[in-house]
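Enquirer: Structure in structure tokens, see below.
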Amino acid sequence: ADAAGNLYVALNLSFGQGGQSSKVPYRGCVLRVTPEGKQETVAVGLRSPNGIDRNNSGDIFVTDNQGNWVPACPLFHVEPGDYLGVPMSLPWAATIPGQSAAAEPKRKLPAVWFPYDELCQSSTDIQCDTSAGKFGPFAGQIFVGEMTKGLIARVALEKVNGKYQGACFLFRRGLGAVNRLTFGPD
């Protein structure tokens, strides 16, 4: 949720339907659900997202998984109107508030690409270190789980000319399949 109480979800594409577009509404999209229950499309172009969270500044980030149209697992900073690269969800771009149905969206590049074989084959959950240093020297950095390799990656981001970019590092391996992350109360 954000400061206004909106919830955010990222939906997988519905595969196996053939054709070049998703026939199931809002698949491959990031959606915002207001406290009143109104659904709004925020961004389109995801393949198989498995993690969504905010950083310390309140910005939304989502992981996606490699496969058709996605050469390696990316971490995207999501902003209203973004097209994240997978064309099957483009029909839903017209449902983004303020977006023209005729507009041809420009593909947004991820803040980070995870090296496929070394670090990430199936990215999962995102968890930002909000501990203000209680967890170590990682305050404000993002941790990303990995299902296939059984590890956690650490991401350090910076904003340059209004766009996030960063680097990823191995944080911990040998954990088994990591799907969800959370910090304990201590």
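Enquirer: Within the range 113-127, how many residues turn out to be touching a Ser or Thr at 6+ places or on another chain (Cβ under 9 Å) and either under 14 Å from Asn179 (Cβ atoms) or hydroxyl-bearing (Ser, Thr, Tyr) (or both)?
Expert: Residues in the range 113-127 being touching a Ser or Thr at 6+ places or on another chain (Cβ under 9 Å) and either under 14 Å from Asn179 (Cβ atoms) or hydroxyl-bearing (Ser, Thr, Tyr) (or both): 8 in total.
Enquirer: For the subset of the range 34-59 comprising residues that are aliphatic (A, V, I, L, M) and touching an Asp or Glu at 6+ places or on another chain (Cβ under 8 Å), which member is surrounded by the most Cβ atoms within 10 Å (Cβ to Cβ)?
Expert: That would be Leu46.
Enquirer: A follow-up question, please. Taking the condition of being of a type in the set (Gly, Ala, Ser) and not in a strand (DSSP E or B), how many residues in the range 113-126 meet it?
Expert: The qualifying residues number 1.
Enquirer: Next up: Can you spot a residue in the range 68-77 that is over 19 Å from Val178 (Cα atoms), free of Cβ contacts under 8 Å to residues at least 24 places away in the same chain, of a type in the set (Val, Ile, Thr) and out of contact with any helix residue (DSSP H, G or I) (no Cβ under 6 Å at 6 or more places or on another chain)?
Expert: Looking through the range 68-77, at least one residue is over 19 Å from Val178 (Cα atoms), free of Cβ contacts under 8 Å to residues at least 24 places away in the same chain, of a type in the set (Val, Ile, Thr) and out of contact with any helix residue (DSSP H, G or I) (no Cβ under 6 Å at 6 or more places or on another chain).
Enquirer: Could you please let me know if Lys149 is touching a strand residue (DSSP E or B) at 6+ places or on another chain (Cβ under 9 Å) and surrounded by fewer than 10 Cβ atoms within 10 Å (Cβ to Cβ)?
Expert: no
Enquirer: Based on what the data block shows, is Arg107 over 14 Å from the mean Cα position of the chain (by Cα) and open to solvent by 70 Å² or more (accessible area, probe 1.4 Å)?
Expert: yes
Enquirer: Hey, any hits in the range 89-102 for a residue that's surrounded by 14 or more Cβ atoms within 10 Å (Cβ to Cβ), out of contact with any helix residue (DSSP H, G or I) (no Cβ under 7 Å at 6 or more places or on another chain), in contact (Cβ under 8 Å) with a residue 40 or more places away in the chain and within 22 Å of Ala4 (Cβ to Cβ)?
Expert: Checked the range 89-102: at least one residue is surrounded by 14 or more Cβ atoms within 10 Å (Cβ to Cβ), out of contact with any helix residue (DSSP H, G or I) (no Cβ under 7 Å at 6 or more places or on another chain), in contact (Cβ under 8 Å) with a residue 40 or more places away in the chain and within 22 Å of Ala4 (Cβ to Cβ).
Enquirer: Quick one: in the range 64-88, which of the residues that are of a type in the set (S, T, N, Q) and out of contact with any strand residue (DSSP E or B) (no Cβ under 8 Å at 6 or more places or on another chain) is least open to solvent (accessible area, probe 1.4 Å)?
Expert: Across the range 64-88, the extreme among qualifying residues is Gln66.
Enquirer: A further question on this structure: With the requirement that a residue be assigned to a strand (DSSP E or B) and of a type in the set (Phe, Trp, Tyr), what does the range 127-186 give you?
Expert: Phe143, Tyr164, Phe169, Phe171 - these are the residues of the range 127-186 that are assigned to a strand (DSSP E or B) and of a type in the set (Phe, Trp, Tyr).
Enquirer: I would also like to ask the following. Which count do you get for residues in the range 79-88 that are touching a residue at least 60 places away in the same chain (Cβ under 8 Å) and closer than 25 Å to Glu146 by Cβ?
Expert: 2
Enquirer: In the range 53-67, how many residues are in a strand (DSSP E or B), over 16 Å from Phe114 (Cα atoms) and touching a residue at least 60 places away in the same chain (Cβ under 8 Å)?
Expert: 2
Enquirer: While we're looking at this one, here's another question. Being in contact with a Lys or Arg (Cβ under 6 Å, 6 or more places away or on another chain) and touching a residue at least 24 places away in the same chain (Cβ under 8 Å) narrows it down to one residue among Asp125, Asp129; which is it?
Expert: The unique qualifying residue is Asp125.
The values are calculated or read from the model by the stated rules, or taken from the named source; none is laboratory data. Owing to the predicted nature of the structure, the values given are computational and were not obtained by experimental measurement. In this analysis, Cβ positions are derived from the backbone assuming ideal geometry, glycine residues included, and neighbour counts consider all displayed protein chains. Surface areas here come from the heavy atoms of the whole protein model, side chains and all, with no ligands, DNA or RNA. Shrake-Rupley method; radii C 1.70, N 1.55, O 1.52, S 1.80 Å.
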